Amino acid sequence: MRIGWKTLAVIAVMAVAVVTSTLYLLLSQPRLEDTLIIYGPRGISGLATALVNGFKSRYPDVNVTFISYGMGSIEIANKLIAEKGSPVADVIIGLPEFYAKVVVDAGALEPYKPQNLSLIPEEEIWDPTGTVLPMDKGYVIITYNETIISRLSLPPPERLDDLLRPEYKDLVFYQDPTSSGTGLSFLVWVLSVKGVDEGFDFLKRLEQNIKVHPSGWTTSIIALKSGEVAIGSMFNTDVGYEETPNLTSKAVEGFVYREGIALVRNAKHPEIAKKFIEFVLSTEAQNLVAPEGYMYPVNPKASVEFFSYAPVPSNRITFNRELAGSVEQWLDRWRREIKTG
Amino acid sequence: MNGVKGLLTFVPFLFFLTLFYLVPLVFIVGNVSFTDFIGIIGDSYIHRLLYGTFVQALLSTALALLLALPLAFFFARYSFKGKRVLEYVLLTTFFVPAFTVAEGLIVLLGERGAINTFLSILLGTEEPVIKILYSMWAVVLAHVIYYVPLAALILEQGFSSIDQDLVDAARVFSGSLLRTLRAVYLNALAPYMVAASLLVFAFSFITYSTPMLVGGRFTTMEVEIYATRFRPISSSLALLQLSLTLAISTVIILFRERSYFPPPAGYPAEEPISRLLSKPSGVLLLVYVMAIYVFEISPVIIPMINPFFEAGQTPLGVFRGLQEFKFGFGLSFNDILYQSLAVAVVVSTVSTTLSICIVWSSKVSGGFVERATSVLMALPLTVSRSSLALGMLLSYGFGITKLYGSWVLMALGQSAVITPLATRVIEASWSRVSREYREAADAHGATTLFRLIRIEIPLVLPALIASFLMAFSSSLSDFTFSTFFSTLNLMTLPVAVNILIDTRRLSLALALTSLITTIVVAVEVLGSQLSRERLRVM
């Protein structure tokens, strides 16, 4: 049986392409079972990358990877809980303060006190069990587009209750908390200040002014850029962001979003996981926090010069611990009563 | 052909269905709690979501079909240079990330968008004239943009199957255009219209990114699955969604089975486009087609060029910015590009090879097996991608195999959704391999394998290349499986877009999205040049 040269040529090109591609993929991938696995939400992947790179330069022989499965902070925490019998991860990072209790109570984490914990001031340590260690923090504040607010001769918003002003109708946004960390922080901020039932009443009244609940940061920026919205919740470090002209804030009050790092119980690589946690608290790693994202370091020796432009809120609201453990019910309630109510 | 041999020819299809769909879906069903399932069936909130999703899908389907009909007629009846390229380019919206079209809609249709600004000036009002963004209508509009090309492709086959002599005879004898339409067109088009309706309906029913991006308060079942994903209730919701889409698929299959007839061996006669310009109705049709192209392409083009205009940078400057950015675990932009290309090559090869096996075995068997395989390949098209990704994560990621973190899992996921489309393209071409060639080969004592390698593959080679390139561009632009299965060591271009967004580099992210879109369009145009074959999806 003779095969034509055209067919042969196509087969040869395809064979070379497939073999090259397969070899490239095989050789460029380290085996996951030999790897220190760090879980964390997708939104933290920029910082996680920098931390992993920094850790690799300190321990060049260690394979490390960060896995988010494209999940948010609550989902990745739930995945960790679901896997507690046979954990995949060694360390979790970006665990929000308002969900830490659920993961600690589920027994998915192992308490660990790193030798360099003294680098972190007492007031930054928020988990009373000491299992989840502080990693970074950010400030969610009320921002506004100064150009639009001035053009409409409106007073700039300062506090949560200001958002209810009737003259702000169709100008306000806050992100969908089911898909956005900033949106979830805003929800937790409202509930921490007002309590659950009163908080939901506030959110229902706020809907009259809401134009849209963007699905995340990018859609918020696009809505701000296009002038669809003018007032809404953003991280303080988004103020002055080059692509949202005239986004500013009075920064009278804001919510302190705090997230932590913890060792996974029955981790496959506990010793190197502990080294990673120590590294994250070190000044070297904490210096990476500001340039690689929108959060602040918790180690006071680390530089925050990168955010010198960002207004830090004078009244900083933290999570009301009495509410711990109910985030999923809040999200269900938000979808049912606020978004589609 | 005896029963055993008949069953053996089903093996490639069964292998595909089991490996890529049954096993992952079994893992999802295994997670379902009976109490949760009963709970959601009686939940008024879920009823509300289902009703909204249903109405939205119905409207999307009706509008998409209405707009697609004249377009399909145009492509079926008239020939001109560059026609295939135009057809392939039209499919761009089907392959580009949903985010691109959503951004295009915001820029165009926002209250301060281009269209409203123009209309406000025209009508001398300060109020926005069109207020559909962030509502169900924005979702419907986006779906119409996505699915008009798909519906047009299916309907084009219907128009092509109509004998022009029959139309002329009906015109002469009935003397009325309306009667001609009813007697000839409606009868011939009915199966294709039902097929297109059901497919567009199913796709509109299962999308989640569009409502998330432009739907505002309007939400769907798929968004609810997304919002509760990785919680036990999500599996119950996914099962309910799956049952509904499977019911729709079954209707498609039953209908196809009832009205199935193989595609014609030759190409239908087409008139030169110059004839169209000789009558006013023809000019009107041409203007309509051009308007549809503007409607379809502008939401894609705007996000493609916007980043360069806004950043005031040249594509080269943006490319340099991408090269300087450190993405992953020491991964540079070039590493990600190579990984994306390598995964795309593997996925294209797997899906094209698998499609060849499925089509070849069904053709060898002929009769019922051929028909059954052909119609059953429509089944996977309506399975929700996020549910399938979740099932693959549970089954192959951490279940029967521990593939998470390996490129193999990403390739498996992408191949699962690309293979049914590749099969459609190859099947259409294979059906045109003349029966005489086969019979001549058989008469000379050629074996089935000899016939495959020496006759059939060379004859369908353009379609194989087109299907390979289509799979290649689909893999490059895939967001769902890439996001689910990437780690810092394994990253594709769409995931790199996410990383750029997470690190607040929006203009670079948009530039990279535009780069992906450009590659997709270029590959499609190349495919159209290499293949003489019309695209088929049903």
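Quickly run through region A:255-268 and pick out the residues that are crowded, with 20+ Cβ neighbours inside 10 Å and either at positive phi or not hydrophobic (A, V, I, L, M, F, W, C) (or both).
Those that are crowded, with 20+ Cβ neighbours inside 10 Å and either at positive phi or not hydrophobic (A, V, I, L, M, F, W, C) (or both): A:Tyr257, A:Arg258, A:Glu259, A:Gly260.
Kindly check whether there is at least one residue in region A:20-31 that is more than 7 Å from chain B (Cβ to nearest Cβ), within 30 Å of A:Lys274 (Cβ to Cβ) and modelled with pLDDT of 85 or more.
No, because not a single residue in region A:20-31 is more than 7 Å from chain B (Cβ to nearest Cβ), within 30 Å of A:Lys274 (Cβ to Cβ) and modelled with pLDDT of 85 or more.
Quick check: anything in region B:465-477 modelled with pLDDT under 80, on the phi < 0 side of the Ramachandran plot and not small (Gly, Ala, Ser)?
No - not one qualifying residue is present in region B:465-477.
Could you go through region A:158-169 and let me know if any residue there is among the hydroxyl-bearing types (Ser, Thr, Tyr) and at pLDDT below 95.
So in region A:158-169, the residues among the hydroxyl-bearing types (Ser, Thr, Tyr) come out as A:168.
When the remaining residues are screened for being at pLDDT below 95, the result is none.
Among the residues of region A:158-169, not one is among the hydroxyl-bearing types (Ser, Thr, Tyr) and at pLDDT below 95, which makes the answer no.
For region B:134-175, which residues satisfy the criterion of being outside any helix (DSSP H, G or I) and away from chain A (no Cβ under 14 Å)?
Within region B:134-175, B:Ser161, B:Ile162, B:Asp163, B:Gly175 qualify.
Give B:Thr492, B:Thr517 a once-over and let me know the one that is at pLDDT 75 or above and touching an Asp or Glu at 6+ places or on another chain (Cβ under 8 Å). Before the answer, list the steps.
On the way: B:Thr517 fails: touching an Asp or Glu at 6+ places or on another chain (Cβ under 8 Å).
After ruling out the rest, the residue left standing is B:Thr492.
Listed here are the residues, each with its yes/no results for (1) modelled with pLDDT under 80; (2) within 10 Å of chain B (Cβ to nearest Cβ); (3) within 21 Å of B:Pro232 (Cα to Cα).
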site	(1), (2), (3)
A:Ala12	no, no, no
A:Ile37	no, yes, no
A:Arg58	no, no, no
A:Val64	no, yes, no
A:Val88	no, yes, yes
A:Ile92	no, no, no
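Within region B:8-59, how many residues turn out to be surrounded by fewer than 17 Cβ atoms within 10 Å (Cβ to Cβ) and among the hydroxyl-bearing types (Ser, Thr, Tyr)?
Residues that pass the stated criteria total 6.
Can you give me the number of residues within region A:40-55 that are free of Cβ contacts under 8 Å to residues at least 60 places away in the same chain and more than 7 Å from chain B (Cβ to nearest Cβ)?
2
Any residue that is touching a helix residue (DSSP H, G or I) at 6+ places or on another chain (Cβ under 6 Å), surrounded by 17 or more Cβ atoms within 10 Å (Cβ to Cβ), part of a helix (DSSP H, G or I) and modelled with pLDDT of 85 or more - is there at least one of those in region B:451-462?
Looking through region B:451-462, none of the residues is touching a helix residue (DSSP H, G or I) at 6+ places or on another chain (Cβ under 6 Å), surrounded by 17 or more Cβ atoms within 10 Å (Cβ to Cβ), part of a helix (DSSP H, G or I) and modelled with pLDDT of 85 or more.
Give the residues of region B:77-94 that are closer than 14 Å to B:Glu156 by Cα and among the polar types (S, T, N, Q), sorted by residue number.
B:Ser79
Are there helices (runs of 4 or more DSSP H) fully within region B:36-121 with at least 1 residues that are farther than 30 Å from A:Ala230 by Cβ and within 14 Å of another protein chain (Cβ to nearest Cβ)? List them.
B:44-77
Please find, among B:Phe485, B:Phe481, the residue that is within 12 Å of chain A (Cβ to nearest Cβ), within 18 Å of the chain's Cα centre (by Cα) and at pLDDT 80 or above.
Result of the check over B:Phe485, B:Phe481: B:Phe481.
Can you find a residue that is under 18 Å from the mean Cα position of the chain (by Cα), among the aliphatic types (A, V, I, L, M), surrounded by 15 or more Cβ atoms within 10 Å (Cβ to Cβ) and assigned to a loop (DSSP other than H, G, I, E, B) anywhere in region A:133-142?
No.
Can you name every residue in region B:329-356 that is farther than 19 Å from B:Val425 by Cα and more than 9 Å from chain A (Cβ to nearest Cβ)? Working first, answer last.
Let us first name the residues in region B:329-356 that are farther than 19 Å from B:Val425 by Cα, namely B:329-343.
The answer is B:Ser332, B:Phe333, B:Asn334, B:Ile336, B:Leu337, B:Ser340.
Can you list the helices (runs of 4 or more DSSP H) lying wholly within region B:177-246 that have 3 or more residues being free of Cβ contacts under 8 Å to residues at least 24 places away in the same chain?
Because the criterion is at least 3 residues that are free of Cβ contacts under 8 Å to residues at least 24 places away in the same chain, the helices (runs of 4 or more DSSP H) in region B:177-246 that meet it are B:177-180.
What about B:Ser395, is it surrounded by 24 or more Cβ atoms within 10 Å (Cβ to Cβ) and either under 28 Å from B:Ala247 (Cα atoms) or modelled with pLDDT of 85 or more (or both)?
no
Within the set of pairs 6 or more residues apart or between chains, which connect a residue that is closer than 30 Å to A:Gly216 by Cβ inside region A:57-72 to a residue that is part of a loop (DSSP other than H, G, I, E, B) and among the β-branched types (Val, Ile, Thr) with Cβ atoms less than 9 Å apart?
Pairs found: A:Thr65/B:Thr487; A:Phe66/B:Thr487; A:Ile67/A:Val88; A:Ile67/B:Thr487; A:Ser68/B:Thr487; A:Gly72/A:Thr178.
What's the number of the only condition in (1) free of Cβ contacts under 8 Å to residues at least 12 places away in the same chain; (2) more than 13 Å from chain A (Cβ to nearest Cβ) that B:Thr447 fails to meet?
(2)
Can you list residue pairs whose Cβ atoms sit under 7 Å apart, with the first residue in region A:17-34 being surrounded by fewer than 12 Cβ atoms within 10 Å (Cβ to Cβ) and the second being at pLDDT 80 or above? Count only pairs 6 or more apart in sequence or on different chains.
Note: pairs meeting the criteria are A:Asp34/A:Asn63.
Table: residues versus (1) away from chain B (no Cβ under 13 Å); (2) of a type in the set (Gly, Ala, Ser); (3) surrounded by fewer than 21 Cβ atoms within 10 Å (Cβ to Cβ).
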| residue | (1), (2), (3) |
| --- | --- |
| A:Asp162 | yes, no, yes |
| A:Tyr168 | yes, no, no |
| A:Thr178 | no, no, no |
| A:Ser185 | yes, yes, no |
| A:Leu191 | yes, no, no |
| A:Asp201 | yes, no, yes |
| A:Lys211 | no, no, no |
| A:Phe235 | no, no, no |
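The values are calculated or read from the model by the stated rules, or taken from the named source; none is laboratory data. Owing to the predicted nature of the structure, the values given are computational and were not obtained by experimental measurement. Counting neighbours? That spans all protein chains shown, and the Cβs are built from the backbone with ideal geometry, glycine included.
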